[in-house]
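So the structure is just underneath, and the comments pick up after that.
Every read-out reported here was derived from the displayed coordinates using simple, explicitly stated rules and does not represent laboratory data. Every value quoted in this text rests on a predicted model; they were computed, and no experiment measured them. Cβ coordinates were reconstructed from backbone atoms using ideal geometry, including for glycine residues, and neighbour counts include every protein chain displayed.
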Amino acid sequence: MREIQIGGLVSFTTIDYPGKLACVLFLVGCPLRCEYCSNPHLLCPGDGEYDPERVFEWLRSRVGKLDAVVFSGGEALMQSDATIAYMRRVRELGFKIGLHTNGFYPDTLRRAADLIDWIGLDFKATIEKYPDLTGQHIAYDNMIRSLDTWIETGKDFEVRITCDPRFITKSDLMEIVDILHNRHVANIAIQKYIPHFEAEARKTTDAMRNQIFVDTDLRNRINSMFKSVVWRE
């Protein structure tokens with residue numbers, strides 16, 4: 001088995017695992033090609049810039065200072081057994097394990113579930129728009145399988161919806177939150193799209209990006225459907 005490939009590290013964060021002081025490991029590789037990806041340098045599988053053993057020794061030095069280690073990417077579960085093995089080692093140090101995932105690997109998520117304490121799952125668009133956004137025709141179905149797999153564990157999680165106006169309208173957002181509400185999801189985050197690498201012909205405006213967030217009636221309706229709704233603006 002190839003060792004885990006780590007492409008980035010954030011040494012301290014209070015926002016990537018709710019209620020925990022954490023660090024984030026960004027793993028190399030992702031099966032999706034989302035137009036708004038903020039980490040395009042991590043998409044292609046390859047060698048990571050960080051030595052996993054040196055990172056592990058650094059994590060050992062953080063015992064008692066940090067609560068959790070979050071595995072992100074890219075898509076952390078793309079490295080499958082290597083990710084699971086590293087999670088196990090990190091957990092044995094006493095850390096909580098968080099995962100940011102696009103849900104593309106539900107079977108790997110099921111195998112790793114005993115090691116993971118919390119996940120943030122991306123729900124990117126309606127089923128019709130998923131292929132255009134992600135470049136994958138099976139991404140939506142896999143994400144839903146991952147969602148249902150995690151719900152079965154009974155563990156805590158958050159579903160995150162990034163509102164890129166090119167792919168999510170107000171009616172799309174309501175369709176998505178209805179799906180989540182019907183599954184009794186408790187915690188969601190609705191995130192404003194922040195442009196990074198927009199092609200000239202695909203540029204968005206402030207008004208386009210804000211339209212969901214300035215709609216008070218829409219916000220109130222969604223807030224009433226869940227235990228917790230975080231509006232990340």
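Details
- Where trypsin sites (Lys or Arg not before Pro) in DSSP loops with at most 14 other Cβ within 10 Å are excluded, longest remaining stretch of the chain: 66-154
- Sorted by Cβ neighbour density within 10 Å, fewest at the top, the residues 143, 87, 225: 225, 87, 143
- Whole-Hz ³J(HN,Hα) from phi, Karplus 6.51 cos²θ - 1.76 cosθ + 1.60, for region 17-28, glycine and proline x: 9, x, x, 10, 7, 9, 10, 10, 9, 9, 8, 7
- Applying D = kT/(6 pi eta Rh) to the chain, where Rh is the Kirkwood radius over alpha-carbon pairs, T corresponds to 37 °C and eta to 0.692 mPa s, the Stokes-Einstein value obtained is 179 µm²/s.
- Here the Gaussian network model covers the chain, with springs between Cα atoms less than 10 Å apart; of 157, 95, 56, 56 fluctuates the most.
- In the chain, helices alone account for a calculated mean residue ellipticity at 222 nm of -9000 deg cm²/dmol, with every DSSP H run of four or more residues adding -39,500 (n - 2.57).
- Given their separation in residues at 0.36 nm each and the Cα-Cα distance between them, residue 144 and residue 221 gain 25.4 nm when the chain is fully extended.
- Estimated vicinal HN-Hα couplings, Hz - region 169-181 in sequence order (Karplus 6.51, -1.76, 1.60; Gly, Pro = x): 9, 4, 5, 4, 4, 5, 4, 5, 5, 5, 4, 5, 4
- With a Förster radius of 30 Å applied to the C-beta separation of residue 179 and residue 14, the computed FRET efficiency comes to 0.50.
- Estimated vicinal HN-Hα couplings, Hz - region 116-133 in sequence order (Karplus 6.51, -1.76, 1.60; Gly, Pro = x): 9, 9, 7, 10, x, 9, 7, 10, 8, 5, 6, 4, 5, 9, 4, x, 5, 6
- Inter-label distance, nm, simple model (7 Å from Cα along the C-beta direction), residue 153/residue 93: 2.0 nm
- Counted by Cβ distance under 11 Å from residue 5, the other residues give a net charge of -3, where Lys and Arg count +1 and Asp and Glu count -1.
- Only lysine pairs 8 or more places apart or on separate chains count here, and in the chain those with Cα atoms under 17 Å apart total 11.
- Computed across region 1-123, the Kirkwood radius stands at 14.3 Å (inverse of mean 1/r, all Cα pairs).
- Extension gain (nm, one decimal) between residue 54 and residue 199, 0.36 nm per residue minus Cα-Cα: 48.4 nm
- Amide H contacts for residue 50 (H built 1.01 Å from N in the peptide plane; partners 5 or more residues away or on another chain; cut-off under 5 Å): 6.
- Residues 146, 61 in ascending order of nearby Cβ atoms (within 10 Å, fewest first): 61, 146.
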